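To keep things clear, I will list the structure first and then write my remarks on it.
The values are calculated or read from the model by the stated rules, or taken from the named source; none is laboratory data. Just so we're clear, the structure is a prediction, and the values are computed from it rather than from any experiment. Quick reminder, even Gly has a Cβ in these numbers, built from the backbone with ideal geometry, and neighbours come from all protein chains shown.
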Amino acid sequence: MYPIVLLSVLGIVVLFLGFMKSKSVLLPATLLFLVLALASNFIDWNQGKVLYFYEMLAVNNLTLAFNAIVLVSAFMIVAMTRGFQDQEEAQPAEYYGIMLFSLVGAFMIIGYEHLIMLFVGIEILSVSMYILTGSDKSNLRSNEAALKYFLMGAFATGIMLFGIALLYGATGSFNLTDIQSYVSIQGRGVSYILYAGLLLLLIGMLFKVSAAPFHFWTPDVYDGAPTIFTTFMSTIVKTAGFAAIFRLLSHSFTPIYSFWWITLAAITVLTLLVGNIIAVYQNSFKRMLAYSSISHAGYLLIAVTSLSPQTENAILFYSLAYSIATISAFGVLMLVSKKKALEGQVDESYAAFNGLAAQNPLLAFVLAVSMLSLAGIPLTAGFWGKFFVFGSAVERGLVWMLVVAVLMSAVGIYYYFRAIIAAYLKEGDIGKIRIAPFYRIILVVATAMTILFGLAPGIFEKLL
Amino acid sequence: MNTTYLPSDFLPIVVQFGLAAGFIVLTMIVTHRIGPSRKSKMKDDPFECGIEVKGDARTPISVKYFLVAILFVLFDVEVIFMYPWAVNFQNLGMLGFIEMLVFMALLLSGFYYIIRKGVLEWEQ
C-alpha cells in the first residue's frame, strides 16, 4: 500500500520539478523516489496478509516480491534514460511522472482484492503506456503505434469490463474472496454466466500481456514506441499482468480448474508457436524482441496453466530473469542503434550489431549474456526460470505441453544466437561507443544478476 | 442475495428487447411505405438554418480548442463528485472532509500545473 500512496504523490512532485530551470535534477529525483518506494514496500514484509483501502487491496509477501521486481526494473529503466538529454523535444518531467503513475497501476493489479481495483489499476497502467508509446511526436511510427495500441487496448478493456460485470452478475460480489467462496460452494454447478465472465475477463488480461491470439498489436507497438518505453512495456506491464492473472486464477477459480485449464492450455500453445516461429523471420532486432516477449508470455502461461504449489515461485523467478535480460538487451540496442543512426533513422536490425565485440567487448558480453538468458541456456537466470516453469508443469502432468515448449525453446535459440553471431563473428565498422558511467553500472549489474541467479538460483528463494 | 433466478424471470427483458427492436423496424418500414419520396439536388443539400453551404466541414481547427474542451470536461466531471459529498456531508464526518480536501488538493495541483504549462494562454 505504501508505495501506491508514495508514488502517487511523488509523481506529482516530479511533474512540478519539471518547472525548475535545470532539468538535471529530474533523473536523480526520480531514482531517489523509486528507492523510497522500494524501501516503503517492505514495511509490510512478513506481516502475513494485510488488507487495505476497505479490503480492496491485499498485501502479502508474494505481492511485495512482485512489487519489488517491478520497482527494480523501473529503477534500471529510468537510470538508462539519462534524463532524455539527447532528445530536443523530450518532456522529461512528464515522462518520469507518467512512469511513476504507471507503477501505481502496476501495484494495484499485483495486489488487488476487488475487481474494481483490478480495472482501475489496468486502466492507469494502460493509459500511461498509450501516452508513452506516442511520446515521440515527430515520428510517424510512434504515432501509429500509439493509435493502434489505444484503439485495441480500449476494446480489450471493454471486453474485460464486460467480463467483470458478468462475474458480478453470477456471484453478486466484486471481492475475490467472496467469488472464491461462491465458486467453491457451487463447484461445477456454478451459473453459466460465471464461465462467460471469467473467459471475457481473461481475454482482457491476456491482451495486456500479449498472449496469442490477442498479440497482434505487440510487434507494431513495441517497434514503433521509443526503445526506452518499449523496455518499460515489455518488462513492467508483463510482470504485473502475470501477477494479476495468477492472482485471479489461483485465488478465486481453483475449484473450477477443470473448466479453464483447457482454454488456457490452448492459448499457451498458440502463444508459444506464434511467438517463436514468427520471431525467426524478423530482420529487426527490436521486432524480434517484441515476438520474443510474446513467446515469454507463453512460457509464463505454462506456469499459470499448471497452477501447482511451485507456480508462484516459478512466475516470480521467471519474471525477474526475463525482465533483467530484456532490460540489458534493450540497453545495448539503444546504444548501438543510436551510434549506427543513418540520416536520422536509427538502425535496429541485427546487422547493427555486426562487429560489436571488436571495439566494445563489454557491450557484446552484456548482449550475449542477455540473449543466452532469454534463450534459456544453463548458467544464466533464464535457464532456471524455464526449469521452474517446466517443473510446475511436470507436477501437473502436462507433459505434452512441455514437448511443445521445449521444441519452441530450441527454435528460440536460433533467433537469439543470431544477435550473438552478429556481435562476435561478423565483420562490421562499428566504432567505440561511449557509455555513460551510470549506464555502464546498470548494464553490469543486470548482467551480474543474470549470471548470479543462473549459478545460484537458491539465493532468490532465500530472499523470499 | 437471491441467486435462484429462473430463465423465465428474464422474460420482461426479452419483451423489452423485442419491443425496442420491433419499434425501430416498424417505423422504418412504415415511413418508407407511406411517405412520398422526391429527390432533387436542392433537397439533398445539407440544411443549416437556410444558409448556403460553404467549403468543407473538415477544416483544421486550432488544437487549443480541443485542450480547453478536454480540460473543461475533466474539471466539470470532477466537480460532480462534490455533489454527493455535499449531500452526505453530515454522515461522512471528519474523514469525509479530509478525503475531499485531499481530492481538492490533487485537483488544484493539476490546475496549477495546467496554468504553469501555459495551456490556458490563448495568444501564444
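The table that follows gives values for the structure above.
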{"read-out": "Of all residues in segment A:158-182 being β-branched (Val, Ile, Thr), in contact with a helix residue (DSSP H, G or I) (Cβ under 7 Å, 6 or more places away or on another chain) and closer than 15 Å to residue A:247 by Cβ, the one that is surrounded by the fewest Cβ atoms within 10 Å (Cβ to Cβ)", "value": "A:164"}
{"read-out": "Positions within segment A:14-31 being crowded, with 16+ Cβ neighbours inside 10 Å and either out of contact with any helix residue (DSSP H, G or I) (no Cβ under 7 Å at 6 or more places or on another chain) or of a type in the set (S, T, N, Q) (or both), in sequence order", "value": "A:30"}
{"read-out": "Test: residue in segment B:111-122 that is farther than 26 Å from residue B:62 by Cβ, within 13 Å of another protein chain (Cβ to nearest Cβ), surrounded by fewer than 14 Cβ atoms within 10 Å (Cβ to Cβ) and at pLDDT 85 or above", "value": "no"}
{"read-out": "Test: residue in segment A:92-112 that is surrounded by 20 or more Cβ atoms within 10 Å (Cβ to Cβ) and in a loop (DSSP other than H, G, I, E, B)", "value": "yes"}
{"read-out": "Residue ID - nearest to the other protein chains (Cβ to nearest Cβ), chosen from residues in segment B:75-86 that are of a type outside the set (Val, Ile, Thr) and free of Cβ contacts under 8 Å to residues at least 12 places away in the same chain", "value": "B:84"}
{"read-out": "Sole residue being of a type outside the set (A, V, I, L, M), touching a residue at least 12 places away in the same chain (Cβ under 8 Å) and away from chain B (no Cβ under 14 Å), chosen from A:230, A:171", "value": "A:230"}
{"read-out": "Candidates B:108, B:95 - the one that is surrounded by fewer than 11 Cβ atoms within 10 Å (Cβ to Cβ), within 14 Å of chain A (Cβ to nearest Cβ) and within 20 Å of residue A:15 (Cα to Cα)", "value": "B:108"}
{"read-out": "Search result, residues across segment B:1-58 that are under 30 Å from residue A:190 (Cβ atoms) and more than 14 Å from chain A (Cβ to nearest Cβ)", "value": "B:8, B:11, B:12, B:14, B:15, B:16, B:17, B:18"}
{"read-out": "Subset of segment A:334-348 that is of a type outside the set (Asp, Glu) and closer than 13 Å to residue A:430 by Cβ - its residue that is farthest from the chain's Cα centre (by Cα)", "value": "A:342"}
{"read-out": "Flag if residue B:89 is modelled with pLDDT of 90 or more and away from chain A (no Cβ under 14 Å)", "value": "no"}
{"read-out": "Residue count, segment A:32-78 (criterion: closer than 23 Å to residue A:95 by Cα, among the small types (Gly, Ala, Ser) and buried (at least 23 other Cβ atoms within 10 Å of the Cβ))", "value": "3"}
{"read-out": "Count of residues meeting criterion [within 14 Å of chain B (Cβ to nearest Cβ) and either of a type in the set (Lys, Arg) or over 25 Å from residue A:120 (Cα atoms) (or both)] in segment A:2-43", "value": "5"}
{"read-out": "Search result, residues across segment A:125-138 that are buried (at least 17 other Cβ atoms within 10 Å of the Cβ) and either more than 14 Å from chain B (Cβ to nearest Cβ) or among the polar types (S, T, N, Q) (or both)", "value": "A:125, A:126, A:128, A:129, A:130, A:132, A:133, A:134, A:135, A:136"}
{"read-out": "Filtered residue count, segment A:170-213, keeping only those that are in a helix (DSSP H, G or I) and among the polar types (S, T, N, Q)", "value": "6"}
{"read-out": "Residue tally, condition more than 19 Å from residue A:315 (Cα to Cα) and of a type in the set (S, T, N, Q), over segment A:38-89", "value": "7"}
{"read-out": "The listed residue being aliphatic (A, V, I, L, M), over 23 Å from the mean Cα position of the chain (by Cα) and more than 16 Å from residue A:332 (Cβ to Cβ), out of A:398, A:356, A:362", "value": "A:398"}
{"read-out": "In segment A:251-283, the residues that are polar (S, T, N, Q) and surrounded by fewer than 18 Cβ atoms within 10 Å (Cβ to Cβ)", "value": "A:254, A:258, A:263, A:283"}
{"read-out": "Pair list, Cβ < 6 Å and 6+ apart or interchain, from segment A:65-92 residues that are over 21 Å from residue A:446 (Cα atoms) to residues that are basic (Lys, Arg)", "value": "A:92/A:23"}
{"read-out": "Selection status of residue A:365, buried (at least 21 other Cβ atoms within 10 Å of the Cβ) and assigned to a helix (DSSP H, G or I)", "value": "no"}
{"read-out": "Filter result for residue A:240 (touching a strand residue (DSSP E or B) at 6+ places or on another chain (Cβ under 8 Å), of a type in the set (A, V, I, L, M), at pLDDT 90 or above and within 25 Å of residue A:163 (Cβ to Cβ))", "value": "no"}
{"read-out": "From the options A:256, A:236, A:278, residue that is under 22 Å from the mean Cα position of the chain (by Cα), over 19 Å from residue A:157 (Cα atoms) and assigned to a helix (DSSP H, G or I)", "value": "A:278"}
{"read-out": "Segment A:215-271, residues that are small (Gly, Ala, Ser) and under 24 Å from residue A:143 (Cα atoms)", "value": "A:224, A:225, A:234"}
{"read-out": "Flag if residue A:441 is surrounded by fewer than 14 Cβ atoms within 10 Å (Cβ to Cβ), out of contact with any Phe, Trp or Tyr (no Cβ under 8 Å at 6 or more places or on another chain) and outside any loop (DSSP other than H, G, I, E, B)", "value": "yes"}
